[in-house]
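Trainee: Structure provided below as structure tokens; questions to follow.
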Amino acid sequence: MHEDQVIDAMIESMVAEAEAGYAVEPLKRRGRGRPGRGAKPMLVVAVRLTSDELAALDRVVEREHLSRSEAIRRALNNYAA
């Protein structure tokens, strides 16, 4: 038998498991996607940058060991302060 081959015994086992039901609550508690940064949901905003602007951002990211998103958030916070 090949590892990608499904045999009748496997199908019967899967059917029995499905008929018995699944514990759904642990799956719901886990959550999906990236972890949040706070109590409020985050929004995604698309920003267009020139290649020079992106290169400048990437230099900051490399120097400060940040993600692009975190570097942009910090810049925005400094600008708005």
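Trainee: Label points 7 Å out from Cα along the Cβ direction at D4 and V44: separation in nm?
Mentor: 3.0
Trainee: Okay, next question. Give the peptides 62-74, 4-16 in descending order of average Cβ contacts within 10 Å, highest first.
Mentor: The densest-packed peptide leads the list: 62-74, 4-16.
Only the coordinates and a few stated rules stand behind these numbers; no lab work does. Bear in mind the structure is a predicted one, so any value in this text is a computation, not a measurement. With ideal geometry, Cβ positions are generated from the backbone for all residues, glycine too; neighbour counts draw on all protein chains shown.
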